[in-house]
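All of the numbers you see were taken from the coordinates with simple rules; none came from a lab. None of the values given here were measured: they were computed from a predicted structure. Glycine also receives a Cβ, built like all others from the backbone with ideal geometry; neighbour counts cover every protein chain displayed.
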Amino acid sequence: MITASAPGKIILFGEHAVVYGRPALAVPVQQVHVDVRIRDGHRPGVWIDAPGISLHAGLGMLPPAHPLRTVIESVFQALGVATPHPSIQIEIQSSIPVASGLGSGAAVSVAVIRALAAYLAHPLSDEKVNALAYETERLHHGTPSGIDNTVITYSRPVYFVRGQPIQTFKVARPFHIIIADTGISAPTKESVGDVRKLWEANPTRWEAVFDQVGEIVRQARESIETGQNHHLGPLMTQNHALLQEMTVSSAELDQLFQAAMQAGALGAKLSGGGRGGNMIAQVLPENAEKISAALLEAGARRTIITRIG
Ligand code: PMV
């Protein structure tokens, strides 16, 4: 039997502007993960078991554009596995909430790619895993920047610039964030599309907004690398205001933002595509439980307190 896992991820700074070539910072979130197990099947063909989404099906029974089908077939193709496929039983377990900005889709892809490649005795480089996972993201998310698959593949803090070689960065002093889920699916494809419409209607204005985001991201990276963590909260709050301007916040996200700030967070912002999904807040560890309780009180479906670095 072969197993592989992939963590969740969270974007700290720079979502949306990253689609337009600005940098973004993202980190893995180890508290949630996807675990894939592969064993020899007892019937011909590839069988998939994903109890979390009530999926029990043969590969060929899935629609051709199903993300699991496309990712599995892309691995077979990359490794030159001939059809009919071997008898394989693939079991997928995930604790990453779907469409919440924690990268569940990319984590499933990365874990499935690694497990299949190992099962077929053909381990792939991180670079290749990342490229295959990006292909699947592209089929399902329109014009993704590639940040999700990159952070999850490398499982390290990443300073991401679309189309550039991956840069990881050091966390000089650990800091803490709370991730609070609105419980509403983030319609990332739609929000990315709406930001594009804004940009098309007035590129000069939005390029300037994206430049401001890029500057926040650079300052945040420098603060993290030099241990000046007290700058991070205020930078998050500035980034949130720019995301509001891009129309990707929502009443629920703003309510969690307010609740975190009132309970003593150092700064906060939405994370990911927005209009749902998660809000993140920088907190001092001694205040984390209190702020988490305030967020649950304000309607968060769940919270994760995570230490970065
Ligand atoms: O919703 P998430 O966490 O998958 O992030 C989307 C991030 C965007 O910048 C909005 C889009 C992208 O492809 O980078």
With -39,500 (n - 2.57) per DSSP H segment of 4 or more residues and division by the full residue count of the chain, the 222 nm estimate, nearest 500 deg cm²/dmol, is -13000 deg cm²/dmol
Nearest-ten-degree value, helix 232-245 long axis tilted from longest Cα axis of the chain | 80
Distance between modelled label sites at Leu139 and Gln31, nm, 7 Å Cα→Cβ extension = 3.3
Express in whole angstrom the spacing between the alpha-carbon centres of the range 243-309 and the range 128-150.
-> 27
Across the chain, how many lysine pairs, 8 or more apart or on two chains, come within less than 27 Å at their alpha-carbon atoms?
-> 12
Rounded to the nearest 10, the angle in degrees between the Cα long axis of helix 288-297 and the longest principal axis of the Cα atoms of the chain comes to 80
Please go through the range 130-184 and write out the trypsin sites (Lys or Arg not before Pro) that DSSP classes as loop and that have at most 15 other C-beta atoms within 10 Å.
-> Lys170
Determine, for Asp211, Asp181, Asp148, Asp35, the number of other Cβ atoms within 10 Å of each Cβ, and report the residues in order from fewest to most.
-> Asp211, Asp35, Asp181, Asp148
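Fewest Cβ neighbours within 10 Å first, please rank Met236, Met279, Met1 accordingly.
Exposure proxy ranking, most exposed first: Met1, Met236, Met279.
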Counted neighbours (other Cβ, 10 Å), sorted fewest up, put Arg275, Arg307 in the order Arg307, Arg275
Folded to 0 to 90 degrees: helix 251-262 orientation relative to the chain principal axis, Cα | 60
